[in-house]
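Undergrad: Quick one: this structure, given as structure tokens, is what I'll be asking you about.
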Amino acid sequence: MSETRATGCLRAALQALALAVCAQAVAGFAGVLYRPVSIAILAASLLALLRGLRRHLATPPGAPWTRLEIGLGAALVALLGERLWAGLHATEFHYDVLSFHLHFPVAWLQAHRIEIVPTPFGDLAPAYGPSNAELLYELVLAPLRSDALARVGQLPFAALAALALYATVRASGGSRSGGLAAALALLMVPEVYTQIPSAMVDLAVAALFLSSLHFLVRLGQAPSVADARAGALALGLCVGTKFVALPLSAALAALAVAVALHHRARWRRVRPATVLGAAALVLASGGFWYVRNWIVTGNPLYPLAIGPFCGLYDSALMRAWDYHVPVGELGALGRMLGEAGVGFVVAALIAFTLGRRFVEAALAAALVAIVWFWVPYQHSRFLFPAFGVAALAIGAATAAQTGPGQPGEPGGPVWLGFLILGAATLGSLIEFPTGGRLAVAGAGLAFALVPARARRLVAAAAGAVLVGMLARTSPPAFAIGDGHDPAWRWLDAHGSGARLAYAGDNLPVPLYGPGLRNHVQYVSVTSARSARVHDLPGTCGAGHGAAAASPPRTAEPAPYRQPEDPAAWLANLRALRTDTLFVAKMDPIVARNVRPDADGFPAERAWADAHPEWFQLRYASPAVRIYGVAIP
């Protein structure tokens with residue numbers, strides 16, 4: 001089967017990502033994750049990407065682009081540029097970014113190895129979750145010891161998602177406008193648009209899911225070992241990025257079975273080595289995280305107890321926790337889907353029905369069902385892959401209606417295609433108007449209307465303005481909009497090279513300070529020096545699957561606090577040469593399982609106040625205490 005330029009570029013991007021992830025994993029598990037090593041891996045990955053893109057982009061272009069295609073393409077480029085600017089000027093950050101998405105790579109950078117970094121005072125699962133995106137964030141953290149680029153770490157994945165959608169529409173015989181419209185429709189979904197300039201990972205999961213789907217679509221057209229390998233590579237990168245990608249991948253597995261059955265006569269001739277090779281790619285590009293958990297804890301999905309594997313809690317406890325939405329509350333599901341925007345939802349429904357995109361409709365429905373019925377915590381951001389599939393249907397239906405009909409696919413009225421396109425793109429803009437989104441629309445309109453001779457001049461001027469704005473950008477201080485913010489600013493101004501212990505919450509990233517100059521960790525309050533849950537006596541996981549001392553009663557247990565021993569805590573602080581203590585007031589949910597004092601602080605505050613000769617109070621607010629520590 002012939003390969004479009006977009007497919008070739010997507011294949012090159014996946015290979016470069018896999019190179020970066022695999023090389024980082026090898027260096028990290030070997031304990032040689034030093035800055036020069038990361039810089040060399042980053043350079044090799046970028047070189048591989050550039051060589052791959054150059055090879056595929058060098059092929060002769062097709063027909064000249066229409067004004068509609070130019071406008072859509074310009075809008076996409078403008079959107080990515082505007083999101084980059086927004087990310088570098090961000091003033092507040094998502095909890096997960098400060099809790100672990102940036103914490104893990106900084107901790108690995110300082111330790112020169114991949115470690116299980118504890119996530120106390122909340123959900124314990126992120127410490128054991130697959131972390132491909134965090135490996136990539138470490139890659140851009142290392143050269144300058146700066147988190148400026150990692151803060152906008154999902155921007156490349158937004159571009160990857162756009163490329164995957166465009167390539168899939170084009171591989172199906174769709175028009176450029178359909179592919180560009182699909183990409184623009186997804187990235188204009190409000191929560192997707194908001195998450196682009198961040199170090200979250202949900203958009204990364206969606207981008208890799210759509211990349212794997214692209215090669216499944218190609219396999220459905222004609223069997224190809226190369227496409228099977230590329231699809232396996234994308235799938236491995238996807239499941240190696242987030243736990244929730246594993247159940248979502250079940251939909252891809254079902255589609256792969258359907259494709260295999262469709263071409264069963266040809267696939268019977270495939271050698272077992274090919275199948276094993278594809279499985280090895282999945283393992284090497286992301287499945288290794290689950291193997292690591294299995295080796296370390298005896299459970300690939302630790303700390304979740306599932307099947308024969310022992311854990312700290314099971315899915316029943318998760319469904320009894322605050323973050324689960326009862327599956328009978330279909331109104332909540334409707335609101336989650338509606339957050340994509342009325343225009344997007346209407347366009348998707350038209351594409352599924354009048355556009356006859358029945359396969360995409362079934363796949364999107366399966367993904368929604370998986371998130372709602374299977375995943376215990378049904379966050380709306382887990383629906384990004386479903387929104388991506390809906391965007392694919394929008395692009396494919398638009399192409400089928402506005403462009404020449406494909407064999408076996410009637411063209412239909414032109415007005416229907418423009419209705420789908422308008423609802424998905426302009427509808428989103430009208431429903432959710434912001435300065436940045438209006439600027440994106442303006443850029444697309446300008447490039448569509450200006451004469452061809454002036455486009456390069458306009459592009460150069462726009463590029464110069466963006467570069468000028470970025471050159472004057474300095475990373476802002478971290479903030480979440482509460483009492484932590486002034487304490488973090490105080491620490492930035494008064495801390496330098498500290499060995500800092502934190503307690504009360506799990507938001508360690510701002511404590512590292514400018515240039516990542518501080519060494520930050522949670523210090524155990526028990527006789528066990530390690531705060532890793534699976535190392536603790538009496539927890540399920542110690543001894544590779546030993547039974548827990550007592551059955552769990554919560555989805556956020558705190559075995560790392562049992563028993564709280566001030567003498568052991570002081571000894572641990574002394575052994576770690578801690579010189580600064582940061583204690584924060586606990587969230588009410590955390591305080592259910594970690595005993596608070598009258599003001600909501602953990603025991604560390606009272607222990608520090610009891611020894612003023614060792615703990616000098618340097619900063620105090622209703623939310624935070626900061627102490628200088630000098631334990632003889």
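Undergrad: Using +1 at the Cβ of each Lys and Arg and -1 at the Cβ of each Asp and Glu in the range 76-206, identify which of 107, 80, 127 lies farthest towards the dipole's positive end.
TA: In the range 76-206, that residue is 80.
Undergrad: Starting from the amide H of residue 314, placed 1.01 Å from N in the peptide plane, find each other amide H under 5 Å away whose residue is 5 or more places distant or on another chain.
TA: 305
Undergrad: Further question on the same structure: For helix 176-187, report the angle its Cα long axis makes with the longest principal axis of the Cα atoms of the chain; keep it between 0 and 90° and round to the nearest 10°.
TA: 20 degrees
Undergrad: Do you know the relative contact order of the range 228-302, to the nearest whole percent, from alpha carbon pairs under 8 angstrom that are 6+ apart?
TA: Answer for the range 228-302 is 47 percent.
Undergrad: Let me ask something additional. Semi-axes of the range 271-335's equivalent ellipsoid from the Cα gyration tensor, sqrt of 5 times each eigenvalue, largest first, rounded to whole Å?
TA: Over the Cα atoms of the range 271-335, the semi-axes work out to 32, 19, 9 Å.
Undergrad: Please give, to one decimal in nm, the separation of the simple spin-label points placed at residue 15 and residue 261, each 7 Å out from Cα toward the Cβ.
TA: Between residue 15 and residue 261, the simple spin-label model gives 3.4 nm.
Undergrad: If you don't mind, another one. For the pair residue 453 and residue 322, what calculated FRET efficiency results from E = 1/(1 + (r/R0)^6), where r is the Cβ-Cβ distance and R0 = 45 Å, to the nearest 0.05? Before the final figure, lay out the partial values.
TA: Details: r = 59 Å, r/R0 = 1.32.
The value I calculate is 0.15.
Undergrad: Rounded to the nearest angstrom and ordered from largest down, what semi-axes does the equivalent ellipsoid of the range 62-125 get from its C-alpha gyration tensor (root of 5λ)? Provide the component values of the computation, followed by the final result.
TA: Working: eigenvalues 322, 46, 25 Å².
Semi-axes, largest first: 40, 15, 11 Å.
Undergrad: Then there's this: Nearest-5 percent of antiparallel DSSP beta bridges in the chain?
TA: Roughly 50 percent of the DSSP beta bridges within the chain come out antiparallel.
Undergrad: Using unit Cβ charges (K, R positive; D, E negative) and no other charged atoms, how large, in debye to the nearest 20, is the dipole of the chain about its Cα centre?
TA: Numbers: 47 positive and 35 negative charges, 477 e Å.
For the chain, the charge dipole is close to 2300 debye.
Undergrad: With unit charges on the beta carbon (Lys/Arg positive, Asp/Glu negative), name the residue among 313, 484, 298 whose Cα is farthest towards the positive pole of the charge dipole of the chain.
TA: 298
Undergrad: Does the range 96-210 come out rounded, prolate or oblate by the C-alpha gyration tensor, with a ≥ b ≥ c the root eigenvalues, rounded set by a/c under 1.5 and, if not, prolate when a/b is larger than b/c and oblate if not?
TA: Prolate is the answer for the range 96-210, as a/c is 1.5 or above and a/b outweighs b/c.
Undergrad: May I ask you to compute the full-extension gain from residue 369 to residue 619, defined as 0.36 nm times their residue separation minus their alpha-carbon distance, rounded to one decimal in nm?
TA: The span from residue 369 to residue 619 would gain 85.1 nm if fully extended.
Undergrad: Label residue 148 and residue 253 with points 7 Å out from Cα along Cα→Cβ: what is the distance between them in nm?
TA: 4.4 nm
Undergrad: Here is a follow-up. What is the extension gain from residue 597 to residue 527, computed as 0.36 nm multiplied by their sequence separation minus the C-alpha to C-alpha distance, in nm to one decimal?
TA: 23.0 nm
Undergrad: For the range 555-569, what does the Karplus curve 6.51 cos²θ - 1.76 cosθ + 1.60, with θ = phi - 60°, yield as ³J(HN,Hα) per residue in whole Hz, taken in order and with x for Gly and Pro?
TA: Calculated HN-Hα couplings, in order: 7, 10, x, 10, x, 6, 10, 10, x, 6, 10, x, 5, 5, 4 Hz.
Undergrad: Please turn the phi angles of the range 444-456 into ³J(HN,Hα) values with the Karplus equation 6.51 cos²θ - 1.76 cosθ + 1.60 (θ = phi - 60°), one per residue in order, whole Hz, x for glycine and proline.
TA: Coupling constants for the range 444-456: x, 5, 4, 5, 6, 9, 5, x, 4, 5, 8, 5, 4 Hz.
Undergrad: For the chain, what relative contact order do you get, as a whole percent, if you take Cα pairs closer than 8 Å and at least 6 residues apart?
TA: 17 percent
Undergrad: For the pair residue 306/residue 294, report the inter-label distance in nm, with labels modelled 7 Å from Cα in the Cβ direction.
TA: 1.3 nm
Undergrad: Here is a further query. Once phi is turned into ³J(HN,Hα) by the Karplus curve 6.51 cos²θ - 1.76 cosθ + 1.60 with θ = phi - 60°, what whole-Hz value does each residue of the range 603-616 show in order, with x for glycine and proline?
TA: Rounded to whole hertz, the list is 4, 4, 5, 5, 5, 5, 5, 6, 10, x, 6, 10, 10, 9.
Undergrad: What residues qualify as long-range amide H neighbours of residue 522, i.e. H under 5 Å apart, gap of 5 or more or another chain, H built at 1.01 Å from N?
TA: 502
Undergrad: Classify the range 192-303 as rounded, prolate or oblate from the Cα gyration tensor: take a ≥ b ≥ c as the square roots of its eigenvalues, call it rounded if a/c is under 1.5, otherwise prolate when a/b beats b/c and oblate if not.
TA: Values: a/c = 2.41, a/b = 1.37, b/c = 1.76.
Oblate, since a/c reaches 1.5 and b/c is not below a/b.
Undergrad: Rounded if a/c is under 1.5, else prolate if a/b is larger than b/c, else oblate: which is the range 14-149, with a ≥ b ≥ c the root eigenvalues of its Cα gyration tensor?
TA: Oblate is the answer for the range 14-149, as a/c is 1.5 or above yet b/c matches or exceeds a/b.
Values in this text are rule-based calculations from the coordinates and carry no lab data. Please read these numbers as outputs of a predicted model, since none were measured by experiment. Note: ideal-geometry Cβ built from the backbone for every residue, glycine included; neighbour counts use all protein chains shown.
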